Amino acid sequence: MELTMKLTNTIRAWCIYLALTLTSTACLANGYHFLHQSAEGTGTSYATNGTAANDISSMFSNPASIIRFDGTRLSAGAVIDLPDSKLKNVTATAPFSNGTVPVSGFPQEPSQPLDTAYGAATYFTHEIRPGLVVGASITAPYAYKSDYPETAESRYTATGTSLRAINFSPTLAYRINEKWAIGGSVNYQHYDAELGTAVSTSVTNPSVATDIQSI
């Protein structure tokens, strides 16, 4: 009985360890994540993304999926995202004031801080021989930008932020047998990030007139 309990606790500990180790950290910038990586996926709201494999763009989530496609194939798509956003009930305090000095600003409720986002994705596969397929993709996993008024109460948090990325991914898939196939890819990503804020020159009397803009 004691041996069984120890074994159960050991298995449970390893499961927790693996779950924490394998958890993706992409959520750290998830607010700027551009989900739309294929025309086919957008049309189905990404249901069964990477498992249905109705289009070679499934390689974005599952490199082994391209083993299902013969010949030479090309898939491409573009997306325009038109967000509608508005900040409400904005309140802020001066930096380094321990929350004791309120900040004033205008407009009180900034509208449309998120800019229009443009994204595109291109996928290519070629069957070298039955059971061996190579592919490549160019995608934009991050493609958002936001602009906030330099006079708003939120100016000490951000006046402009953007995160854009281009991802190039060569892919290879190999069929082991009728039931099993393996695949892998390498992601090369180029990032362009920007964070702009206003810097107050006074802790006790923050003012737009005396602020310094930092980018």
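The values are calculated or read from the model by the stated rules, or taken from the named source; none is laboratory data. In this text, all values refer to a predicted model and were calculated from it rather than measured experimentally. Note that each Cβ is placed from the backbone with ideal geometry, even for glycine, and that neighbours are counted across all protein chains shown. Keep in mind that these areas ignore ligands, DNA and RNA; they rest on the heavy atoms of the full protein, side chains included. Shrake-Rupley method; radii C 1.70, N 1.55, O 1.52, S 1.80 Å.
Within the range 123-151, how many residues are assigned to a strand (DSSP E or B) and open to solvent by 60 Å² or more (accessible area, probe 1.4 Å)?
Looking only at that region, the number is 7.
Scan (1) without any contact (Cβ under 8 Å) to a residue 40 or more places away in the chain; (2) open to solvent by 50 Å² or more (accessible area, probe 1.4 Å); (3) under 23 Å from residue 197 (Cβ atoms); (4) out of contact with any Lys or Arg (no Cβ under 7 Å at 6 or more places or on another chain) for the single condition residue 80 breaks and write down its number.
Status for residue 80: all satisfied but (3).
Regarding the range 152-160, can at least one residue be identified that is among the charged types (D, E, K, R) and open to solvent by less than 30 Å² (accessible area, probe 1.4 Å)?
Checked the range 152-160: at least one residue is among the charged types (D, E, K, R) and open to solvent by less than 30 Å² (accessible area, probe 1.4 Å).
For the range 102-122, which residues satisfy the criterion of being out of contact with any Asp or Glu (no Cβ under 8 Å at 6 or more places or on another chain) and either closer than 30 Å to residue 176 by Cα or open to solvent by less than 70 Å² (accessible area, probe 1.4 Å) (or both)?
107, 110, 114, 120, 121, 122
Scan the range 46-62 for residues that are modelled with pLDDT of 80 or more and open to solvent by less than 30 Å² (accessible area, probe 1.4 Å) and report the count.
So the answer is 4.
Need the failing condition index for residue 198 against (1) crowded, with 18+ Cβ neighbours inside 10 Å; (2) free of Cβ contacts under 8 Å to residues at least 40 places away in the same chain, just the number.
(2)
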